[in-house]
Amino acid sequence: MSNKLFDYYTTESVTSGHPDKVCDQISDAILDECLRQDPRSRVAVETFGSHGTLMIGGEVTTNAKVDYEKIARKVYKDIGYTEKLEVLVTVAQQSGDIAMGVDTGGAGDQGIMYGYATDETKEMLPKGVVLAHALARHLEKLRRDGTLPWLKPDGKTQVTIKNGTVVTALCSTQHDKKVLQEEIHAALKKHLFTPVLGSIKDIEILVNPTGAFVLGGFAADAGLTGRKIMVDTYGGLLSHGGGAFSGKDSTKVDRSAAYMCRFVAKNLVAHGYGKAVQTGVAYAIGRVEPVMVFAFNEKGKDLSKIVNKHFDFRPKAIIERLGLRNPVFRETAAYGHFGVKGRTWEEIVKL
């Protein structure tokens, strides 16, 4: 893991109104409601939206009584959409084959998860990741507070970094059909790019490169839970095991172990074990102990012994240490799961 890999790169974020993120938020809102009523709920819920239709599917084991359609409609409305939506629900009981292993404290799935932290920013994330999310968050703020009333919920942002400097910034945003592109360009330079990036004199600014973005959300594109895994994590700069987060309770190590990997990497950087640290873990479904745990810093120094001394990667231990039976997940389902204050996996602890 050489820092030179990150001298020239591009990262993106999306707003809460992006179709995939709408699905992530619905799945996590359902998870939260299950955990609110039954903290030991096991949930694997997927949401798919397309052109006026929303389907909720998956498996649960819970004592909670959940109105899936009501939750989905509330999230959809909260985000800012008013279009009619037909909602179909097909949620079944979790497989007993999986439950046998999880009941004994084993991992809810096999797989590989990674974590990363760097001292490059106060969020301990790469600069481009931080700025792409900051642009997307601010874009939504401009819509919600009425600063730019012609903004609509769907949108994407993108930042290109070269040698630590922003060279290109992009925003594609859904908008009212009556507003002119020239007005959109001028307003976003003033109210979005400048407040977030500072001087934009030497930055190439791109706004709605196709020329218009009137149709958005499910009216324009299908959305699916778990289709923005790089936006959720490290912007494509780091390894990713491929497992998505949203809609999964924390017996699913795709989520909980990825949070733990971030927690460990951040604490190793905070305690001076490296300027940048990558961590990784792998599991066999139903097995308690991981099959692999590793960590190394930007110089290639192996930090695995330190990790194994201070951190427990058994699934139940992760859940307990990070408090992952609490209904805290809907808020994570937009603008990245990492680098946000108040999340347990972002805490710095004594080693």
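The values are calculated or read from the model by the stated rules, or taken from the named source; none is laboratory data. Please read all numbers here as calculations on a predicted model, not as lab measurements. Note: ideal-geometry Cβ built from the backbone for every residue, glycine included; neighbour counts use all protein chains shown.
Worth pointing out:
- Every residue from region 220-241 that is within 18 Å of THR47 (Cα to Cα) and among the small types (Gly, Ala, Ser): ALA220, ALA222, GLY223, GLY226
- Any hit, region 153-162, residues being basic (Lys, Arg), modelled with pLDDT of 95 or more and part of a helix (DSSP H, G or I): no
- Filter result (among the acidic types (Asp, Glu) and in contact with a Ser or Thr (Cβ under 8 Å, 6 or more places away or on another chain)) within region 275-314: GLU298
- Number of positions in region 165-219 that are among the small types (Gly, Ala, Ser), farther than 19 Å from VAL129 by Cα and surrounded by 14 or more Cβ atoms within 10 Å (Cβ to Cβ): 4
- Look at region 279-304: where a residue is acidic (Asp, Glu) and a partner is at pLDDT below 95, sitting 6+ places away or on another chain with Cβ atoms under 8 Å, you get GLU298/MET1; GLU298/SER2; GLU298/ASN3.
Yes or no, residue by residue, for (1) within 25 Å of GLY106 (Cα to Cα); (2) out of contact with any helix residue (DSSP H, G or I) (no Cβ under 7 Å at 6 or more places or on another chain); (3) touching a residue at least 60 places away in the same chain (Cβ under 8 Å); (4) not in a helix (DSSP H, G or I):
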site	(1), (2), (3), (4)
PRO39	yes, yes, yes, yes
VAL43	yes, no, yes, yes
PHE48	no, no, yes, yes
GLY57	yes, yes, no, yes
VAL60	yes, no, no, yes
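- Region 270-287 - residue that is out of contact with any Asp or Glu (no Cβ under 7 Å at 6 or more places or on another chain) and among the small types (Gly, Ala, Ser) and, of those, surrounded by the most Cβ atoms within 10 Å (Cβ to Cβ): GLY280
- Filtered residues of region 66-118 (kept if part of a loop (DSSP other than H, G, I, E, B), out of contact with any Lys or Arg (no Cβ under 9 Å at 6 or more places or on another chain) and either basic (Lys, Arg) or modelled with pLDDT under 75 (or both)): LYS84, SER95, ASP103, THR104
- Region 301-351, subset β-branched (Val, Ile, Thr) and under 18 Å from the mean Cα position of the chain (by Cα), residue nearest to LEU131 (Cα to Cα): VAL340
- Residue within region 27-34 that is surrounded by 19 or more Cβ atoms within 10 Å (Cβ to Cβ), within 17 Å of VAL328 (Cβ to Cβ) and either among the hydroxyl-bearing types (Ser, Thr, Tyr) or without any contact (Cβ under 8 Å) to a residue 24 or more places away in the chain (or both) present: yes
- One residue stands out among those in region 5-26 that are among the aliphatic types (A, V, I, L, M) and assigned to a helix (DSSP H, G or I): the one that is surrounded by the most Cβ atoms within 10 Å (Cβ to Cβ), which is ILE26.
- Selected residue (only one of ASP232, ASP221 is in contact (Cβ under 8 Å) with a residue 60 or more places away in the chain, among the acidic types (Asp, Glu) and in contact with a strand residue (DSSP E or B) (Cβ under 9 Å, 6 or more places away or on another chain)): ASP221
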